[in-house]
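For reference, the structure is listed below as structure tokens.
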Amino acid sequence: MNAFAIAFWSLFTLAGVWLQGIIPGVDFLAPGLILCLQEEKWTVSAWLGLAWLFIQEGTGSLAFGTGLLWYGALVGLYYFGHWLFEAKNFLFMFILGICLGLLHLILSHVMAVLQDWTLPADRILVEGLLQALIFPVEWGLVYLIYNHLPENPHAV
């Protein structure tokens with residue numbers, strides 16, 4: 001990984017963690033994982049995915065495994081969907097965002113039941129809706145930034 005990539009992904013991670021503090025319940029690191037998968041940089045995807053998994057597991061209040069299920073489902077949805085759609089298509093990212101919003105609702109409910117917690121349904125619904133809306137927009141912005149910086153070999 002070159003210096004550009006290290007700087008970009010470090011700033012992305014810091015910004016994502018900061019934004020998750022501002023808007024709790026929304027994963028701002030997920031679009032970065034999708035971008036890594038789209039660029040077909042498997043080692044970068046694996047290392048960043050692992051780092052982000054530990055961040056999500058460490059900062060979350062749900063039982064261990066929620067982040068693993070979340071990122072596992074995200075990668076699975078991406079690989080399933082990119083057979084049907086162009087991988088860098090905004091419509092695909094919009095559909096993926098909707099799936100992640102629904103996944104947030106389901107996963108939060110299931111993990112809360114496992115811990116014998118009661119979560120406010122309206123809060124989880126708002127978080128799922130925000131995840132569905134923010135994911136494609138953030139992916140689009142990160143995609144444009146990543147692909148148009150001069151140090152990037154993919155720059156236009």
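Table for the structure above
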| quantity | calculated |
| --- | --- |
| Per-region count, the range 4-29, residues without any contact (Cβ under 8 Å) to a residue 24 or more places away in the chain and either of a type in the set (A, V, I, L, M) or assigned to a loop (DSSP other than H, G, I, E, B) (or both) | 7 |
| Enumeration of residues in the range 1-14 that are surrounded by 15 or more Cβ atoms within 10 Å (Cβ to Cβ) and either within 27 Å of residue 95 (Cβ to Cβ) or among the β-branched types (Val, Ile, Thr) (or both) | 8, 9, 12, 13 |
| Tally, over the range 94-147, of residues that are among the acidic types (Asp, Glu), part of a helix (DSSP H, G or I) and more than 18 Å from residue 71 (Cβ to Cβ) | 1 |
| Of all residues in the range 81-125 being among the β-branched types (Val, Ile, Thr) and touching a residue at least 24 places away in the same chain (Cβ under 8 Å), the one that is least open to solvent (accessible area, probe 1.4 Å) | 124 |
| Residue within the range 44-52 that is assigned to a helix (DSSP H, G or I), open to solvent by less than 30 Å² (accessible area, probe 1.4 Å) and β-branched (Val, Ile, Thr) present | yes |
| Among residues of the range 57-75, those that are surrounded by 13 or more Cβ atoms within 10 Å (Cβ to Cβ), part of a helix (DSSP H, G or I) and at pLDDT below 80, counted | 3 |
| Qualifying residue in the range 30-38 (condition: part of a helix (DSSP H, G or I), open to solvent by less than 60 Å² (accessible area, probe 1.4 Å) and free of Cβ contacts under 8 Å to residues at least 24 places away in the same chain) | yes |
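The values are calculated or read from the model by the stated rules, or taken from the named source; none is laboratory data. Remember, predicted model here, so these are calculated numbers, not experimental data. Glycine also receives a Cβ, built like all others from the backbone with ideal geometry; neighbour counts cover every protein chain displayed. Only protein heavy atoms, including side chains, enter the accessible area calculation; ligands, DNA and RNA are left aside. Shrake-Rupley method; radii C 1.70, N 1.55, O 1.52, S 1.80 Å.
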